[in-house]
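Before any comments, here is the structure.
Just so you know, all these numbers are worked out from the coordinates, no wet-lab data involved. In this text, all values refer to a predicted model and were calculated from it rather than measured experimentally. Note: ideal-geometry Cβ built from the backbone for every residue, glycine included; neighbour counts use all protein chains shown.
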Amino acid sequence: MKFDVGLILSWIPAALAGLEITIAVWLAGGLCALALGFGVAAARRFGGALVDRALTLYVALIRDTPFLIQLFLLYYGGPFVGLELEPYQAGLIGLTVYGSAYFAEIIRAGFEAVPVGHQEAAICAGLTRAQMVRRILLPEMALLVLPPVVNMQILLLKETAVLSIVTVPELTMTLTSLGSEHFAFAEALSLLAGLYWVLVEVTGALGRFAERRLARLSFAA
Amino acid sequence: MAAALQVRRLGKRFGAHAVLREIDLAVREGEVTCIVGPSGSGKSTLLRCMAFLEAPSEGEITVYGAPLGFRVTESGERQRLPDSDVARVRRNIGMVFQQFNLWPHMTALGNVAEALRQVRRLPRREAEARAMAQLAKVGLAERARHYPSQLSGGQQQRVAIARALAMEPRIMLFDEPTSSLDPELTGEVLNVMRELARAGMTMAVVTHEIGFAATVAQHIVFLDDGRILLEGTPQSVFAQPWHPRLAQFLETYIDRGAAVLLQGAPA
């Protein structure tokens with residue numbers, strides 16, 4: 001048995017098609033998850049004690065179960081409660097909900113890390129509470145959470161592989177099925193790992209670039 | 001002289017712990033009032049109450065006659081005033097913090113212009129022109145485009161002073177403005193404050209800089225364990241430390257001063 005490089009090259013067009021779908025569901029799911037996570041964190045901070053308690057439970061429920069199981073339940077269990085979803089819909093909703101719990105925690109910690117003094121300075125300067133939130137709290141929080149948000153987006157990128165179990169024809173599904181067709185798993189999984197690696201490295205480089213550009217806006221010593 | 005800011009029978013409790021008790025204090029127009037005392041004596045809490053960053057548990061604060069935060073009714077009950085009213089009264093007050101508290105995502109100019117734009121609703125050009133004039137006053141016009149992370153501690157504190165002055169307050173409150181600075185940078189901040197005092201600004205300053213208090217203040221308030229132990233002119237308070245608690249407090253400063261001299265002696 002020999003590692004067939006020619007076979008890998010012949011798969012590239014199919015792999016790129018899968019990669020395109022991976023990137024599309026990741027970008028859509030990652031952005032929706034970030035938006036929902038922000039909404040959850042903001043509601044917890046500004047929505048009163050009851051909302052805070054309810055959303056703490058939401059975050060706990062999602063963080064306490066594996067994404068694989070959540071997606072299974074959503075896609076295969078959904079019809080039992082009248083929720084019939086297309087694979088893409090299930091994948092997108094699954095990623096959004098799963099990611100939102102983590103983003104909510106990142107953003108909650110970000111809010112808490114903005115020094116109270118910076119907010120007091122705004123109030124003393126005469127800004128209203130709403131102006132303080134918009135002009136001081138949110139921008140400072142956004143700068144603080146940039147590195148963990150990029151990190152979480154990278155994790156979500158790799159979690160898109162789980163969408164293969166609900167038959168979204170993304171990268172993992174494409175290459176694992178080609179692998180079993182040709183009985184060439186080593187080749188298929190090598191190409192698969194390589195492509196994820198490239199995608200993650202590019203994302204990480206973009207994140208580091210943004211961090212460097214924004215470094216001078218960070219806290220003074 | 002008239003009181004710009006008047007504190008009456010003020011008390012502050014955190015839970016069961018009384019931080020301030022029965023404070024009566026007048027910050028007089030055109031004067032520098034320095035609040036000194038050992039750590040934990042409640043000086044910062046008192047100043048924070050004066051800006052209503054802390055709500056007093058008892059008593060009343062008036063700013064040019066207007067109640068700040070609470071109104072005492074004729075029957076002697078305290079009534080919380082709405083935030084909009086607090087903000088209106090607070091407009092008379094500028095606040096400078098120990099930790100500077102500049103907004104890190106804005107330049108020095110942006111920090112000073114922010115409230116002019118958001119609160120005064122000035123167009124950008126005019127807000128920035130006024131901010132620039134304030135920065136020039138504290139000697140930092142050429143640093144206007146720098147971010148706080150690119151400035152020294154002393155420069156940051158001067159920007160913070162310019163930021164407070166930009167809103168043209170009638171009273172400036174300073175909460176240990178030099179306590180996070182090394183001695184070299186302390187001087188530049190104290191110089192700006194001396195300049196401000198000379199120009200007639202009404203100031204209340206919580207400080208450990210006894211030298212500054214003795215030379216700049218007209219009014220010294222010595223706080224110990226949440227009470228005003230002594231107050232008066234610097235001469236009356238410092239020249240005759242007849243109170244054992246004050247003598248003990250000043251002793252530590254003399255010790256520290258001596259230590260600095262010994263370390264600084266040429267080898």
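Would you mention how many residues in the range B:114-167 are free of Cβ contacts under 8 Å to residues at least 40 places away in the same chain, basic (Lys, Arg) and closer than 17 Å to A:Ile136 by Cβ?
Final tally of qualifying residues: 1.
Is it the case that B:Val72 is out of contact with any Ser or Thr (no Cβ under 8 Å at 6 or more places or on another chain) and among the β-branched types (Val, Ile, Thr)? Working first, answer last.
Numbers: out of contact with any Ser or Thr (no Cβ under 8 Å at 6 or more places or on another chain): yes; among the β-branched types (Val, Ile, Thr): yes.
Spelling it out, B:Val72 is indeed out of contact with any Ser or Thr (no Cβ under 8 Å at 6 or more places or on another chain) and among the β-branched types (Val, Ile, Thr).
State whether the residues of the range A:147-160 include one that is polar (S, T, N, Q), in a helix (DSSP H, G or I) and more than 17 Å from the chain's Cα centre (by Cα).
Let us first name the residues in the range A:147-160 that are polar (S, T, N, Q), namely A:151, A:153, A:160.
Okay, now just the ones that are also in a helix (DSSP H, G or I), so A:151, A:153, A:160.
Checking which are more than 17 Å from the chain's Cα centre (by Cα) leaves us with none.
No, the range A:147-160 contains no residue that is polar (S, T, N, Q), in a helix (DSSP H, G or I) and more than 17 Å from the chain's Cα centre (by Cα).
Can you work out which of the residues in the range B:131-175 that are surrounded by fewer than 21 Cβ atoms within 10 Å (Cβ to Cβ) and basic (Lys, Arg) is nearest to A:Leu127 (Cα to Cα)?
In this case the residue turns out to be B:Arg170.
What's the number of the only condition in (1) under 25 Å from the mean Cα position of the chain (by Cα); (2) surrounded by 21 or more Cβ atoms within 10 Å (Cβ to Cβ) that A:Gly78 fails to meet?
A:Gly78 satisfies all of (1) under 25 Å from the mean Cα position of the chain (by Cα); (2) surrounded by 21 or more Cβ atoms within 10 Å (Cβ to Cβ) except (2).
Do we have B:Arg170 as touching a residue at least 60 places away in the same chain (Cβ under 8 Å) and within 9 Å of chain A (Cβ to nearest Cβ) here?
Working: touching a residue at least 60 places away in the same chain (Cβ under 8 Å): yes; within 9 Å of chain A (Cβ to nearest Cβ): no.
So B:Arg170 does not fit the description; no.
So, A:Val145, is that one within 16 Å of A:Ile107 (Cβ to Cβ), of a type in the set (Val, Ile, Thr) and within 14 Å of chain B (Cβ to nearest Cβ) or not? Show your work before the answer.
Working: within 16 Å of A:Ile107 (Cβ to Cβ): yes; of a type in the set (Val, Ile, Thr): yes; within 14 Å of chain B (Cβ to nearest Cβ): yes.
Judged against the criteria, A:Val145 is a match.
Here are some residues: A:Gly194, A:Gly179, A:Gly204. Which one is free of Cβ contacts under 8 Å to residues at least 24 places away in the same chain and either surrounded by fewer than 17 Cβ atoms within 10 Å (Cβ to Cβ) or within 14 Å of another protein chain (Cβ to nearest Cβ) (or both)?
A:Gly194
Hey, which of the helices (runs of 4 or more DSSP H) in the range B:116-208, taking only ones fully inside, have at least 2 residues that are closer than 28 Å to A:Thr128 by Cβ?
B:124-137, B:153-166
For the range B:13-83, which strands (runs of 3 or more DSSP E) that fit wholly inside it have 3 or more residues that are surrounded by 21 or more Cβ atoms within 10 Å (Cβ to Cβ)?
Of the strands (runs of 3 or more DSSP E) lying wholly inside the range B:13-83, those with at least 3 residues that are surrounded by 21 or more Cβ atoms within 10 Å (Cβ to Cβ) span B:17-28, B:32-36.
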